[in-house]
Amino acid sequence: MMLSRSIKILSALMLLTAPAAAQISLTPPAATPAPAPEKPKAAKPPAPAKKKEAAPAPKPSPSPPPAATVIPAPPTDNSNVDLVYGAFQRGQYKTAFDLATARAQVGDPKAMTMLGQLYSGALGIKRDYARAAEWYRRASDAGDREAMLELAMLRMAGRGGPIDKGEAVKLMASAAKLGQPKAAYNLALLYLDGQTLPQDVRRSAELLRQAADAGLPEAQYALATFYKEGTGVPKDIDKAVRLLQAATLADNVDAEVEYAIAMFNGTGTPQNKPAAVALLRKAARQNSPIAQSRLAWLLVYGAGTPVDKIEGFKWHLVARTAGKGEPELDKQFSELNPEDRAKAEAAAKKWLGTK
C-alpha cells in the first residue's frame, strides 16, 4: 500500500473547525518504500523545430497540501438559536454574545458552544481560551457534538489547559459517533498517522467514508486518494474519480486538479479535454501551482486547447515561483522571441502582483 504518499498528502489536511481551533501537527511515520503509484502515461512533446508528435497529456502529480481553511463549525442545528447564529453570521458578535449568554444561563448547549467559539476566536470579546474550554466542556457534557470537536482541538493544541491527546481523541470519537463529519475526518488522520493512535488504515478509511458520505470535500478528496492507491480499501479508480468529482463540485482545489487530469486522460471517466482544460484554468486561478504547471503545458503545446504561448508561459512562470516549473518549458521560454517573452513576463508579474 502506498502509505508513505498518502500520509504526506493527508497529514497536512487537518481541518480547522473554528477561528481559534489549532491545527493538529501530524508527522509521517516511517514507511517501507513502495513503488510509485501508477500514473497516466503521456508522451513528451518534441521541440518545435523537430517533427510533430502527439502533444503531452497533463502529468499527474501529488497535489501539494492545501492551506488550511478556517471553517467555523455552525453552533446550531435547530431553530431555538437562530437569532444567535444569525447575528454571528452577520458579524454582529457582541449581539451574538449577549443573546448566547442569556440562553446559556438557562442551559442551552448550542448557546454554550457559541460562547466558546466567540471566546476562542476573539469575536466581539477578548480571546480567552480557558473560558472557551469551560463553555465547550459544559456543552459537551450536554451532548453537543460541535462542542466536543472544538474542545478536542483545544486539548490537542494545549489551549485553555494542558495538552491532553487522550481526552482529545475521546472527544473526537464521541463527536464522530454523533455524526460530526469533521471529527470523523480528523480522527481518520490520527489513525493514518500512527502516532497519537496505532496506525490503522482500514479504520482511517472507514472514518473518511463516514465524513465523505456527509459531504465533507476534504474527506472526499482524501478517500479518493485511498481508492486510487488501494490504501485501506481495494484499489478502485472508478470510485476514486467519483469522489474527486464530488469534491470538485464543492470547490476543493486539489480535487479539481486531479479530476481535470482524469478527464483529460479518460481515466475512470469519459475523456473530455475541453472540460479538463476549463477546470485546470479554474484551479490555476485559485493559485494551485500544479494546475498552473499543467495548464502551461497544454497552452504551450496546444493540447486540448488552441496554442497560446504567452498565456502558457505566464502560468509556467507563476508556477515556477512555487517550485513547480518545468525545465523543458524553461528551455522553450528561452527560445521565445523577445517580444513574446516580455509579454509573458509582464503577464506573470501582473498576476503575482509584482513590478
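The values are calculated or read from the model by the stated rules, or taken from the named source; none is laboratory data. Computed from a predicted structure; not experimentally measured. Note that we place each Cβ from the backbone using ideal geometry, even for glycine, and neighbour counts take in every protein chain shown.
Overview of values
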quantity: Filter pass, residue 262 being in contact with a Leu (Cβ under 7 Å, 6 or more places away or on another chain) and assigned to a helix (DSSP H, G or I); calculated: yes
quantity: Filtered residues of region 334-355 (kept if surrounded by 10 or more Cβ atoms within 10 Å (Cβ to Cβ), within 27 Å of the chain's Cα centre (by Cα) and either part of a loop (DSSP other than H, G, I, E, B) or among the aromatic types (Phe, Trp, Tyr) (or both)); calculated: 351
quantity: Pairs, first closer than 18 Å to residue 261 by Cα and modelled with pLDDT of 95 or more in region 201-230, second assigned to a loop (DSSP other than H, G, I, E, B) and of a type in the set (Asp, Glu), C-beta under 6 Å, six or more apart; calculated: 227/236
quantity: Wholly within region 173-244, helices (runs of 4 or more DSSP H) carrying at least 2 residues that are of a type outside the set (Asp, Glu) and in contact with a Phe, Trp or Tyr (Cβ under 7 Å, 6 or more places away or on another chain); calculated: 201-213
